[in-house]
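Here the structure comes first, spelled out in structure tokens, and everything after it is commentary.
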Amino acid sequence: MLLLAHRGASADAPENTLEAFAEAARQGADGVELDAMVCGSGEVVVCHDERLERLARLPWEVRTTPWWKLRQADVGTPLGFAPARIPLLEEVLDALPPQFIINIELKCERFDDDGLAQKVADLVRRRGLSERVVISSFNPMCLFRLLAAAPELRRGYLIDPDRRWSVQAYAVSPLVSSHSVHPYHGDCTPERISAWRAAGLRVATWTVDDATRARELERMGVSYLITNRPGAMRESLRVVA
């Protein structure tokens, strides 16, 4: 089971920043999970929230704010860390270690993704990262667009625990997932994971910081465990239960 740092090592550094991804590497993660969206001037930025109230105490909406302005936002101090800024996706890809698995989540709740899927596909192709990148989304339309733009790229459907399980897992996921399925860890059971693995899909589950639960998921056959604390989780999993 590989450990992916959730928005980087976000328990120890400001989420989705270069500092968090560097900390994930320092802690020995196998890779990272990060969030990508299109900003107001068209660049793909790494950020989870559509608006910056929580991250920067600013009322800015990412999709309508240009990059030159977004880069001025401090997304570290409001989270209790040193000042940090929102990075471009290409900056993050350039900074990550060459062996890292990279789970890029396409963040878009609308039908129109502002070109997000195409832009991410183009960037991954240009960087030659198709063997290391998994692209996921809660929005099946983003994954359909990714399929059309770059069918060779690995796709994984994120299952929303607040929506109907059966529709997502048994109707939507088979249509859009080529590599993996990404359920909330509380929705993982041995039977479900066994069925996905039998269908040729890996399971990437989120977000797990409890070692006992992590060991349960590893025994079930989870391939990727997404955690805020990759270093602590690695040490905990070394302890025989």
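The order of the peptides 113-123, 206-216 by mean Cβ neighbours within 10 Å, most packed first, is 113-123, 206-216.
Counting only DSSP H runs of at least 4 residues, each contributing -39500 (n - 2.57), and dividing by the residue count of the chain, the helix-based mean residue ellipticity at 222 nm comes to -8500 deg cm²/dmol. Can you give me the C-alpha center-to-center distance between the stretch 153-192 and the stretch 87-105, rounded to a whole angstrom? With the stretch 153-192 and the stretch 87-105 each reduced to a Cα centre, they are spaced 24 Å. Net charge in the neighbourhood of residue 3 (other residues with Cβ under 9 Å of its Cβ; Lys, Arg +1, Asp, Glu -1) is 0.
Calculated accessible area for the chain comes out at 44 Å² per residue, all protein chains present (probe 1.4 Å; ligands, DNA, RNA ignored). Stretching the chain fully between residue 162 and residue 212 yields a gain of 15.6 nm (0.36 nm per residue, less the alpha carbon separation). Rg and Dmax, both from the Cα atoms of the stretch 35-114 and both in Å, are 12.7, 37. For the chain, the antiparallel share of DSSP beta bridges with both residues in that region comes to about 15%.
Close amide H pairs (under 5 Å, H built 1.01 Å from N) link residue 101 with 31, 32, residues at least 5 positions away or on another chain. Of all DSSP beta bridges in the stretch 1-89, what percent run antiparallel (nearest 5)? About 60 percent, rounded to the nearest 5.
Extension gain, residue 51 to residue 175: 0.36 nm times the residue separation minus the Cα-Cα distance gives 41.6 nm. Amide H contacts of residue 136 (H built 1.01 Å from N, in plane; Pro and chain starts excluded): 104, 105, 106, 156 sit under 5 Å, all sequence-distant by 5 or more or on other chains. Taking the accessible area of the chain, probe 1.4 Å, and keeping the other protein chains in place, the carbon and sulfur fraction comes to 51%. In terms of its C-alpha gyration tensor, the chain comes out oblate, because a/c is 1.5 or above while a/b does not outweigh b/c.
The values are calculated or read from the model by the stated rules, or taken from the named source; none is laboratory data. Given the structure is predicted, the values throughout are model-derived calculations rather than measurements. Note that each Cβ is placed from the backbone with ideal geometry, even for glycine, and that neighbours are counted across all protein chains shown. Ligands, DNA and RNA are excluded from the accessible area calculation, which covers all protein heavy atoms including side chains. Shrake-Rupley method; radii C 1.70, N 1.55, O 1.52, S 1.80 Å.
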